[in-house]
Amino acid sequence: MTIALVLAALLQATPLPSPAPVTPAPSPSAAPSLSPAGSPLPEGSPSAVPSTVPAPALAVAPNAVNFHPGEAQTLSVSGANGALSAAIDVPVATLTVDQNARTVTVSSTQQTGRALVTVTDGTGASVQVPVRVAFNAASVPANLTLRITGDAVDPQWLQAQVSRAVQKVVQTQPGVRAQLGAFALPQLLAPGASADVPVPIQAAGGDQYFDVNTVTTVSVQNVNVAPFDPPLLFYDDDPEKVIANGVLYRNRVAANSPARLYYYHQNSGEQRRIVVVLTPEQPNDPATVQLIDASAGPNIDVMSVGHAVSRDFLTAKPHNAGIVADVGELPYVADDFLASPQDGLAGSIGINVLSGGPVDVAVVAVPPGVSDAQIAQYVNQPRLPDDGHHRTGAFMLSGYGQETLSYTVGGDDAFTQYGATTPPPADGSGRDYGDYGVLRTLTFDVNNPTNAAATLYLYEQPLGGVVRSSFLVDGQLYQVGCARVSQKYQIGQPVTVNPGSSRIVVQTMTDGGSNYPLGVGLTATPPLPQTPAISAPDGCFPKPQAQPAPPSPEQGSPTPAPSSTP
């Protein structure tokens, strides 16, 4: 066998491992080709070794499909030989093959889940594409508008309003919770100014939904609105314990008569939503309202709920800090609590109709799964039966809760008490013993007849039992811890008054869950600097003192102590 035949036989038996470029045959005048070793090729041998280029592998793009129910996506097929076919193992989508375009269109049904699409060509080669059909874990608008009011916007308050506005419009799937990331607030936002605040939002979908990781932009606009003092108080604490779904309170706010709603409830029985909703008196007469809202809960610690409402209201009201909302066809949900059994919740909302017709305000208990649109079915129902305490109704605020006290340095304390009376009723029914919802203003007119500055002290004195308090002293917020014993406890810092006349203005509001009356006074004698620990013997909820254990028999009786008596 010649060398050429041997070489040909070897080439037929062992294919080349990879395709190689074909070398063109040399022209007669060209130099002889060289073998890989550099030796001249024998006469009669081919001038180049032919190679075979394999067909491209079957491929599909994209190599995975994720979409929502009712959507479609087209797969482009490459490297196929012959007719295409496609199949899916779980019927979450239907398939359409276009032989000419070499595509497979995957159209999702309304069924969610995962599946594998297998695409096969005429040679039997196949490729699989994973398919997932699901809803997003949350629906997030690209942008929204938040209208606020206030002459001095507190950053902490504004952060809470932005978070609340975003959570209000983000719609999540059952069992999903949206998380807001950190966001930066504008340094200054005076009335008439506006600023855009990007807010990151994440919602983990798990195996059932697609994860959401996006940003919504909140356009914050400070609307220039004059402050208002409501002449009416709507008081809602009857029934205090909510044992059924339905209307707890209902009243109407006219355009020329602002009102303040104060509500306080404790949920009993099953879990439920307790909401405060606004609706226009006439469906075709929408309104725009300003709301100064301080609400708290749900929390099983009802005293902390009532205290948070009073504290936050005292900081918001003097600066006209509120929001502007449109009340239209659907009920506007101002406050929303998902309350478990024994949870307490409360709120104080100033309602000022800026334009449009009157609005109805209602406090309603509904099942947890009820949508905002479905709340309207409950708002029109009759009120739930009361509990017989008559802690409900409308009351007159004009001129009520304001008191001026005179104090002379070197004289007796200036002292008053509040929380033992009720504001005058406006509708002839109910009572508000405790003055809940009343903004009380105490003005101390001080006369210092001496030639030197004097140090004075404001104090509170519990007269009705366990109580917590918040006070604004000349615009500065001070909180007093829980107190029970009728002692004098200092409010804030000592006050220095110069010779002559001066004035100290104190504003306060009773806490839901606390007990009244409560005394407030001004004195030159230092009171107790702070309230005792909550579990101390004179604290709000004293714990029994541990008694020494009796001696064991092995220890015997203790040695008698010496006595001073003969």
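The values are calculated or read from the model by the stated rules, or taken from the named source; none is laboratory data. From a predicted model like this one, the values you see are computed outputs, not experimental measurements. Cβ coordinates were reconstructed from backbone atoms using ideal geometry, including for glycine residues, and neighbour counts include every protein chain displayed. Accessible surface areas use protein heavy atoms only, side chains included; no ligands, DNA or RNA. Shrake-Rupley method; radii C 1.70, N 1.55, O 1.52, S 1.80 Å.
The test for being of a type outside the set (F, W, Y) and surrounded by 14 or more Cβ atoms within 10 Å (Cβ to Cβ) holds for T531. Go over the candidates V176, V212, V225, V199 one by one and state the one that is closer than 30 Å to G512 by Cβ, among the β-branched types (V, I, T) and in contact (Cβ under 8 Å) with a residue 24 or more places away in the chain. After ruling out the rest, the residue left standing is V225. Looking at this structure, is R440 within 29 Å of D154 (Cβ to Cβ) and basic (K, R)? So R440 fits the description; yes. Among the residues of region 172-195, at least one is open to solvent by 20 Å² or more (accessible area, probe 1.4 Å), over 27 Å from F313 (Cα atoms) and of a type in the set (S, T, Y). The conditions of being part of a loop (DSSP other than H, G, I, E, B) and in contact (Cβ under 8 Å) with a residue 24 or more places away in the chain are not met by T496. Could we say that L477 is assigned to a strand (DSSP E or B), on the phi < 0 side of the Ramachandran plot and touching an Asp or Glu at 6+ places or on another chain (Cβ under 9 Å) here? Considered against the rule, which asks whether it is assigned to a strand (DSSP E or B), on the phi < 0 side of the Ramachandran plot and touching an Asp or Glu at 6+ places or on another chain (Cβ under 9 Å), L477 comes out as no.
On the stretch given as region 44-86, residues that are in a loop (DSSP other than H, G, I, E, B) and either modelled with pLDDT of 95 or more or touching a strand residue (DSSP E or B) at 6+ places or on another chain (Cβ under 8 Å) (or both) total 15. Can you tell me which residues in region 501-528 are open to solvent by less than 30 Å² (accessible area, probe 1.4 Å) and assigned to a strand (DSSP E or B)? Selection gives I504, V506, T508, L518, G519, V520, G521, L522, T523. Scan region 376-392 for residues that are touching a strand residue (DSSP E or B) at 6+ places or on another chain (Cβ under 6 Å) and of a type outside the set (S, T, Y) and the total you get is 4. Listed by position, the strands (runs of 3 or more DSSP E) enclosed by region 109-155 that each have at least 1 residues that are open to solvent by 40 Å² or more (accessible area, probe 1.4 Å) and without any contact (Cβ under 8 Å) to a residue 24 or more places away in the chain are 126-133.
To keep it simple, each residue is scored yes or no on (1) among the hydroxyl-bearing types (S, T, Y); (2) open to solvent by 30 Å² or more (accessible area, probe 1.4 Å); (3) closer than 30 Å to A138 by Cα.
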| residue | (1), (2), (3) |
| --- | --- |
| F228 | no, no, no |
| P239 | no, no, no |
| N267 | no, no, yes |
| E281 | no, yes, no |
| A294 | no, no, yes |
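Tallying residues that are over 21 Å from L233 (Cβ atoms), of a type outside the set (V, I, T) and open to solvent by 60 Å² or more (accessible area, probe 1.4 Å) within region 389-446 yields 4.
I'd like to check something: does region 311-329 contain any residue that is farther than 21 Å from Q161 by Cβ and at pLDDT below 95? Scanning region 311-329 turns up at least one residue that is farther than 21 Å from Q161 by Cβ and at pLDDT below 95. For region 301-331, a residue qualifies if it is surrounded by fewer than 23 Cβ atoms within 10 Å (Cβ to Cβ) and in contact with a Pro (Cβ under 9 Å, 6 or more places away or on another chain), and the qualifying residues are K317, P318, H319, N320, D326, G328, E329.
Only one of the numbered conditions (1) touching a strand residue (DSSP E or B) at 6+ places or on another chain (Cβ under 9 Å); (2) on the phi < 0 side of the Ramachandran plot is not met by G246, and that is (2). Selection of first residues in region 443-467 that are part of a loop (DSSP other than H, G, I, E, B) and modelled with pLDDT of 95 or more and of second residues that are aliphatic (A, V, I, L, M) and surrounded by 14 or more Cβ atoms within 10 Å (Cβ to Cβ), restricted to Cβ pairs under 7 Å at least 6 apart or on distinct chains, gives the following pairs, ordered by first then second residue: P449/V409; T450/V409; A453/V497; L463/L518; G464/L518. The single residue among V473, V495 that is open to solvent by less than 50 Å² (accessible area, probe 1.4 Å), aliphatic (A, V, I, L, M) and within 28 Å of D432 (Cβ to Cβ) turns out to be V473.
Would you check which residues across region 411-431 are under 12 Å from L397 (Cα atoms) and in a loop (DSSP other than H, G, I, E, B) and list them? The answer is T422, P423, P424, A426.
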